[in-house]
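Undergrad: Pasting a structure here, questions to come.
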Amino acid sequence: MLNEKMLGLGTASSAIRQLFEYGKARKAEIGDDKVYDFSIGNPSVPAPKSVDDTIKNLIENEDSVLLHGYTSAPGDLNVRSKIAAYIQEKSGVEATAANIYMTCGAAASLTITLNALANEGDEVILLAPFFPEYRVFAEKAGFKCVVVNCREPDFQIDINALSSAINKNTKAVIINSPNNPTGVVFSEETVISLAKLLEEKQKEFSKEIFLISDEPYRELVYGNVTVPYPQKYYNNTIVCYSFSKSLSLPGERIGYIYVSPKCKDAGLVFAAVCGAGRALGFVCAPSMLQRVVAENLGNTADVSIYNKNREILYNALSEYGYTAVKPDGAFYLFVKSPEKDAAAFAEKAKKYELLLVPSDSFGMGGYVRISYCVSTSQIENSLPSFKALIEEYK
Ligand code: PLP
């Protein structure tokens, strides 16, 4: 007898994957350039040259057995020290190697963190719209998920709604900024209000409430926008970071967990993270990639390409009559569906060979997500289809 829950997850692929697979089949049928696939968040900009240079240099000059061998379970000490120094410099909050656990990307960072925290009866709050895998990871860890919608139309956190949802069972809140799927960056004002609320609730319920900050898009921001460091404002913060998007390395599976030293009993929280990593088999993240990212802290893929895509798409869609919040970060545009049922709208979009993800997958109805991490020519060529689609609603 198999585990029913796992069997269910394994046989029913996500709506995003299904659309992506549909796109592949459709492209084989009518040609690659005829299908405008905006389904998946796979970076379209190559990794910076410095990444390839580092890899070549390591292969040519380092001892191969050491380079490809196991590191210690939480990661190479030197790598963790470099990452800690970088975080400290950027955030102003203390960090040492003892706060850093190397992982296989944000998915592993989240899974490990959630497993480190969950006890029976605990609840985690997800702020909708949210990355769909949060629910999968949190429920497997043993959490009950409680969903709180963000404020429309700006998609900042609805502090009052969040306040009403927090109760004696609340163990953690997950935030994601820049956000997938909205592209919104939570403002400093939002983060300060969130921190204040969580402090009050910790006092009210005499317990720790952890803020899990999922940050794979931290460096993908446009204009003068800055992304506040939540650990500056709230002590019980755990950051789940990934280099998948910033360095365009999603297939290499590399990231880290940062347990703020200001967490209550930070050493014990970190020990629980190590324990969860061990129990899940997530020890010793890919050795060579640990070395690569440590040499590329602060480097990013060419964000100006995403910015160009963002400007073309946002300006054209606004002109045609679509409504969306202009994204400050990540590479997603969250567009209001012109009919109530976003899935029906996404289905209509397929007639124009536009593959858009209905927002129901992100825990909130009424929108579609457009991933604009595609070639600029795909965006330009798709515009007449977007125009024709909205005309149907006029
Ligand atoms: N969190 C968010 C918000 C994401 O969008 C993604 C991937 O798209 C992940 C986590 C997982 O990232 P990784 O590829 O580093 O596991």
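Any read-out appearing in this document is the output of simple, stated calculations on the displayed coordinates, not a laboratory observation. Not measured: the values here are computed from a predicted model. Note: ideal-geometry Cβ built from the backbone for every residue, glycine included; neighbour counts use all protein chains shown.
Undergrad: So Phe130 fits all but one of (1) closer than 25 Å to Lys245 by Cα; (2) in a helix (DSSP H, G or I); what number is the exception?
TA: So the condition that Phe130 fails would be (2).
Undergrad: Please count how many residues of region 337-364 are within 23 Å of the chain's Cα centre (by Cα) and closer than 30 Å to Phe243 by Cα.
TA: Qualifying residue count for the region: 10.
Undergrad: Let me ask something additional. Give region 224-256 a look and list any residue that's touching an Asp or Glu at 6+ places or on another chain (Cβ under 6 Å), within 22 Å of Tyr306 (Cα to Cα) and either hydrophobic (A, V, I, L, M, F, W, C) or within 11 Å of the ligand (Cβ to nearest atom) (or both), or say none.
TA: The answer is Val225, Tyr241, Ser246.
Undergrad: What residue, among those in region 229-284 that are touching a Phe, Trp or Tyr at 6+ places or on another chain (Cβ under 8 Å) and in a loop (DSSP other than H, G, I, E, B), is farthest from Pro216 (Cα to Cα)?
TA: By that ranking, first place goes to Cys263.
Undergrad: Next question. For residues that are in a loop (DSSP other than H, G, I, E, B) and charged (D, E, K, R), scanning just region 57-116, find the one that is farthest from Leu249 (Cα to Cα).
TA: Only one residue tops the list, namely Glu94.
Undergrad: Within region 189-212, does at least one residue satisfy the condition of being surrounded by 23 or more Cβ atoms within 10 Å (Cβ to Cβ), within 16 Å of the ligand (Cβ to nearest atom) and under 26 Å from Phe270 (Cα atoms)?
TA: yes
Undergrad: Looking at region 153-180, which of the residues that are out of contact with any strand residue (DSSP E or B) (no Cβ under 9 Å at 6 or more places or on another chain) and in a loop (DSSP other than H, G, I, E, B) is farthest from Ile16 (Cα to Cα)?
TA: So the residue we want is Lys168.
Undergrad: Determine whether Leu127 is under 18 Å from Ala165 (Cβ atoms), within 16 Å of the ligand (Cβ to nearest atom) and crowded, with 16+ Cβ neighbours inside 10 Å.
TA: Spelling it out, Leu127 is indeed under 18 Å from Ala165 (Cβ atoms), within 16 Å of the ligand (Cβ to nearest atom) and crowded, with 16+ Cβ neighbours inside 10 Å.
Undergrad: Right, another one. Checking the condition in contact with a helix residue (DSSP H, G or I) (Cβ under 7 Å, 6 or more places away or on another chain) and without any contact (Cβ under 8 Å) to a residue 60 or more places away in the chain, which residue from Ala85, Ala97 passes?
TA: After ruling out the rest, the residue left standing is Ala97.
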